[in-house]
Amino acid sequence: MRDAILASLAWPGIAAAMGRLDAKGIDVARILTDAHAAGSAWTRPSPP
């Protein structure tokens, strides 16, 4: 997934937006990490 994002033509705009949010004190990396963790919980199979 990471490679697909970095290869995307939209990446420069995404990076710029992330930089602007970071400058405002918003921890974008933390938000994305938390969102990924929450999504992973839905896709993990339940233990037997």
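The values are calculated or read from the model by the stated rules, or taken from the named source; none is laboratory data. Every value quoted in this text rests on a predicted model; they were computed, and no experiment measured them. Here Cβ is always computed from backbone atoms with ideal geometry, including for glycine, and neighbour counts include all displayed protein chains. Accessible surface is based on the protein model in full, side chains and every heavy atom, while ligands, DNA and RNA are left aside. Shrake-Rupley method; radii C 1.70, N 1.55, O 1.52, S 1.80 Å.
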Check off (1) loosely packed, with under 10 Cβ neighbours inside 10 Å; (2) over 12 Å from the mean Cα position of the chain (by Cα); (3) modelled with pLDDT of 80 or more for Pro47 and give me the number that stays unchecked.
(3)
Qualifying residue in the stretch 18-37 (condition: open to solvent by 90 Å² or more (accessible area, probe 1.4 Å), hydrophobic (A, V, I, L, M, F, W, C) and either at pLDDT below 75 or under 12 Å from the mean Cα position of the chain (by Cα) (or both))
yes
